[in-house]
1. Scan the stretch 52-68 for residues that are without any contact (Cβ under 8 Å) to a residue 12 or more places away in the chain and surrounded by 22 or more Cβ atoms within 10 Å (Cβ to Cβ) and jot them down.
2. Kindly list the number of the only condition in (1) near the ligand (Cβ under 10 Å from one of its atoms); (2) hydroxyl-bearing (Ser, Thr, Tyr); (3) surrounded by fewer than 22 Cβ atoms within 10 Å (Cβ to Cβ) that fails for residue 49.
3. Is it the case that some residue within the stretch 362-383 is under 27 Å from the mean Cα position of the chain (by Cα) and either surrounded by 18 or more Cβ atoms within 10 Å (Cβ to Cβ) or part of a helix (DSSP H, G or I) (or both)?
4. Has the stretch 50-72 got any residue that is closer than 30 Å to residue 5 by Cα and basic (Lys, Arg)?
5. Name the pairs whose Cβ atoms lie under 7 Å apart, with the first residue in the stretch 324-341 and farther than 15 Å from residue 404 by Cβ, the second of a type in the set (Gly, Ala, Ser) and more than 13 Å from the ligand (Cβ to nearest atom), and 6 or more positions between them or separate chains?
6. Would you confirm, using the coordinates I've provided, whether residue 358 is outside any helix (DSSP H, G or I) and either modelled with pLDDT of 95 or more or surrounded by 19 or more Cβ atoms within 10 Å (Cβ to Cβ) (or both)?
7. Select from the stretch 113-127 the residues that are touching a helix residue (DSSP H, G or I) at 6+ places or on another chain (Cβ under 8 Å) and surrounded by 18 or more Cβ atoms within 10 Å (Cβ to Cβ) and write down the one among them that is farthest from residue 208 (Cα to Cα).
Amino acid sequence: MKDKFYITTPIYYPSNKLTLGNSYTTIVCDVLARFNRKLGKDVFYLTGTDEHGQKVSQAAAKAGVDEKTYLDSIIADTKDLWALLDISYNKFIRTTDEYHEKAVQKIFTELYKKGYIYKGTYKGWYCTPCESFWTESQLIDGKCPDCGREVKFQEEEAYFFKLSEFGDRLLKLYNDNTEFLLPKSRVNEMVNNFIKPGLSDLCVSRTSVKWGVPVEFDPNHTIYVWIDALPNYITALGYGSNDTTLFDKYWPADVHVIGKEIVRFHAIVWPAILMALGIELPKRVFGHGWILFGGDKLSKSKTALTKECIDPRVLVPLYSADAIRYMLCREIPFGSDGNYSTEAFLTRFNADLSNNFGNLVSRTFSMVKKYFDGVVPECADSEDPDDIALKDFVKAEVKNVKEHIASLDITKAVISIFNIFTEANTYIQKVQPWAVAKLEGGETRLKQILRLLLEVIRIGTELFQSFAPNATSKVLTALNLDPNSTFDDLESFHQLEAGKKLGELGILFPRLDIKAEMEKLASL
Ligand code: ME8
């Protein structure tokens, strides 16, 4: 049986159109999903939207429509965005899907019956835009510590989940399984900020929020955000329904990828809920850093504040999904915060995609065309020291890429892939095929050189495909390979069929005039 790989994004709030920040997580997960498919695994990639709560109601009211109408338009836009960015998800869950609502009700009732949920009174400072209650001491200058806006004191009857009982089991979990929460630095944050000071029980219902899933046995209450949202990872697989085939096959998740601000919910609340239900825990939770725009995270409600054009709906038609996907994976060190700027994006486009990858492919293809009529040269293995050095270099980087992907480090993986392209370009400068072509009897050597370059391009392109699926698929097709096949003899340097003519390739990433593009984007 094939190995399985189950990966999830957060389910995003459709309180407004999704942003480049949401796109980041979705792209990263797509890279991991695609790479694992190339490795031959049976991949299930889940994404979706978190549709209940006050924020959505307010946004709908502001737009003058009911919640459902409002949500449908945002969800249509979200699905278009994922299509634009070449996101290959297997399932899109909406928390307003009937099967999810029913399963969440069941989960809530089961936790209540098992004694993990009880009725009490909630008091606290409530931030409506963030849908968060805060204690007095958490407020900053009397305002919401997350968004800095006004909060109001609220008191209501509510159900609570006994999170306070799980501290020791969570500590044991982090101790026993050092891969559970990544990057590892986030473990200290959880332990020092939340577990050591003592976990409080979690408020899991509201009487004041009507746009939500009603508690089965007390319908005055709606199930409050996290206990509705987190179970999406299992309800999407059929947990709580009559058909649990997918759940049996794919759970536990191999990784939940999330932004660092919701690590607390995924590394404390979610495992506690699963422990209470007696369900196996996800294997890993990865809390990546933030993309900062001029030093700011820019939540959905603040996106309009930036002067830079950061809307993928505008950027993709201009520069391609490949370029955005590559830029985000390469520029933000995975796990840490990183800055996005238009200038950095355009600079990477030229330096990496156009000059490095694009140029390597285009000059190699041109030389094959010029010297061998575009036909893949037949040749025996070469013992030339330059060739051996290049092959050894490529083999080592292939190993690195696989290891980085296994440890979820997409930035290091893509750097290793580009090391291959850089090394191949350096090799061209060193062996100077154009000079070899002029030597008498140089044909055998020329064949070796160009054949090796084509094989190195094949290997690098196969690896790069998960990051930039469009341009790479064109290259693989031009090499007479099936872009949809899994990795096949990746490290071999005799994979291409000799004697076959290469397909035509246009310019993959046309060089940009950065100044002109910056002006164009600024004027949009
Ligand atoms: O939190 N940099 O939804 P949300 C990096 N519904 N990632 C970013 C980002 C940025 N600047 N901005 C957003 C929710 N993200 C809940 C989740 S899950 C059961 C429920 C990404 O719409 C990042 O993944 O606020 C972050 O965690 C997520 O979007 C927040 O999305």
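1. none
2. So residue 49 meets the others, but not (3).
3. no
4. The answer is no, given that none of the residues of the stretch 50-72 is closer than 30 Å to residue 5 by Cα and basic (Lys, Arg).
5. 325/468; 326/468; 331/344
6. So residue 358 does not fit the description; no.
7. Once the filter is applied, the top-ranked residue is 116.
Every residue, every condition in (1) of a type in the set (D, E, K, R); (2) in contact with a Phe, Trp or Tyr (Cβ under 8 Å, 6 or more places away or on another chain), yes or no:
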site	(1), (2)
334	no, no
339	no, yes
353	no, yes
368	no, no
372	no, no
375	no, no
378	yes, no
381	yes, yes
385	no, no
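The values are calculated or read from the model by the stated rules, or taken from the named source; none is laboratory data. Quick caveat: nothing in here was measured; it's all calculated off a predicted structure. Cβ atoms come from the backbone with ideal geometry, glycine included; neighbour counts cover every protein chain shown.
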